[in-house]
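No lab work stands behind these numbers, since they all come straight from the coordinates. No experiment lies behind these values; they were computed from the predicted model shown. Don't worry about glycine lacking a Cβ; one is built from the backbone with ideal geometry, like all the others, and counts go over all protein chains shown.
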Amino acid sequence: MAELEIPAKYKIDEVRKRKEILELPIASPGDEPIKINLGPSHPAMHGTIKMIAEMVGETIVNIDVEPGFLHRGFEKMMENHTYPSALPYTDRLNYVTAFINNFGYVATIEKLFGIEITERCAWLRTLFSELSRITDHYTCQAAICSEIGAMTPFLYFMQARDWIWEHFNWATGARQTYSYARIGGLARDIPDDWLDKCKEILKSNIPLLKDIHGLMDKNRIFLDRTQGVGEISQEDAINAGITGPFLRSTGVGYDVRKALPYLKYNEVEWEVPVGKYGDNYDRWFIRNREIEESLKICFQCIEKMPRTGPINSDDYQAHLPYKPEVYQTIEGLINHFKIIIEGPKPPKGTIYHCVEAANGELGFFLVSDGTGTAYRLHVRAPSFMTMGALDKIIIGHQLADIIPIFGSVNMVGGECDR
């Protein structure tokens, strides 16, 4: 599309200067590695991660990565609340992509009920998901820049992200944690001028992206800190269960939106960007390309979406009735009361549903015993899977490489909490 002609100055093999990975120093029999604790109070460790690195000189010969705890017990809380009242907890899985978490969770329950969402609802969910993906990639890319000392692109990314977040606030009345989804639909419709303003915001982001390309694409310091650093092979990534940009950076084009299409992803045109070497630079490259692809999807959603129509299904066994019905009819009042107190009761069964979150495959495994509360709910958190392979990725690199490698994971503590 004309709006998206971003003159990308880099091709993945044109500016790449392959670096030889440093060989581990040979320690004499009397030498012992020095142990260093990194985190959890280190600002790059998100307040939960602790790394115990064994080093010979500046080179890491072994490392123990401890994900830590947020002490929230997400999955057990979900098993002690009714399906609707558990929805706000999904916002906190990844607070930058709360919409994707919301929609993945309610879609799992909708599968159990056999509920079909409306056309307008499906387009809105697709649009909000892609806007969330953009803001998540903005956040990750900004953190990578700031952690190697590039503050200007960090500020550019934060400015672009905030424009979208303020627009979310206009639609939902909240910031970051929205609880906007409902089983069978959405909490409310968007304002009349919301889509037009959304298009303007996305267009205004493009000059900022061009500036970031100009600052970073051929920056020798940035390339030296990212190319050949934090490499992972396709085989190791697949064996570790890694998905998302981290997997696609190795050349594997797996994306849930293509492999198992949901919502309206099979009705819009877009590509799955892939890398080649699976290092920090490729992960940076993939996320930049995915931002551009998400922009394409957003513009198509705005153009193809019905401007009027219902956003909730007619199946009142799952979602709350509209307020006028609650206030004016006894049937609406009883239905509202039963859903709030007892929760909607899906059929007994086991189901797994996944969506493509910003970090990869976000899946919900749910066991229903026929009551209004899940008997078991497990979350397949994408960044948690990557953390399991982080030690192998870091070993052999320098101490200074830990921060940019860890930043490229885009770990979110809410997802890793168990």
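Quick notes
- Proxy reagent accessibility, fewest Cβ within 10 Å first, across Phe337, Phe168: Phe337, Phe168
- Members of Lys258/Lys392; Lys197/Lys296; Lys210/Lys264 lying beyond 18 Å, as alpha-carbon distances in this model show: Lys258/Lys392; Lys210/Lys264
- Separation of the Lys35 and Asn219 label points, Cα + 7 Å toward Cβ, nm: 3.7
- 10 Å-binned pair-distance histogram of the range 121-215 (Cα, whole percent): 15, 46, 27, 11, 1
- Cα-projected label distance for Asn62 with Tyr352, points at 7 Å along beta-carbon direction, nm: 3.4
- With the simple model of a label 7 Å out from the Cα in the direction of the Cβ, Glu267 to Ala174 spans 2.7 nm.
- Three-way shape call for the range 164-251 based on the alpha-carbon gyration tensor, with the a/c threshold at 1.5: oblate
- Charge tally in the Cβ shell below 15 Å around Ala53, where Lys, Arg are +1 and Asp, Glu are -1, Ala53 excluded: -4
- Taking other C-beta atoms within 10 Å as the exposure proxy, Ile183, Ile52, Ile164 rank Ile52, Ile164, Ile183 from fewest upward.
- Note, ³J(HN,Hα) from phi for the range 170-182, Karplus 6.51, -1.76, 1.60, rounded to Hz, x at Gly and Pro: 5, 7, 10, x, 9, 10, 6, 9, 9, 6, 7, 7, 9
- Degrees, to the nearest 10: 98-113 long Cα axis against longest axis of the chain: 50
- For a straight C-alpha distance cut-off of 16 angstrom, the aspartates and glutamates reachable from Lys345 (same-chain residues fewer than eight places away being disregarded) are Glu79, Glu110, Asp315, Asp369.
- Length-normalised contact order of the chain in % [C-alpha pairs under 8 Å, at least 6 apart]: 25
- Contour excess over end-to-end distance, with Cα ends at Arg307 and Glu325 and 0.36 nm allotted per residue: 4.0 nm
- Relative to the longest principal axis of the Cα atoms of the chain, helix 194-216 runs at roughly 0 degrees.
- At most 10 other Cβ within 10 Å, DSSP loop - trypsin sites (Lys or Arg not before Pro), the range 270-314: Arg307
- Degrees separating the helix 119-147 axis from the principal Cα axis of the chain, which is the longest one: 20
- For the chain, the convex hull drawn through the C-alpha positions has a volume of 140 cubic angstrom per residue.
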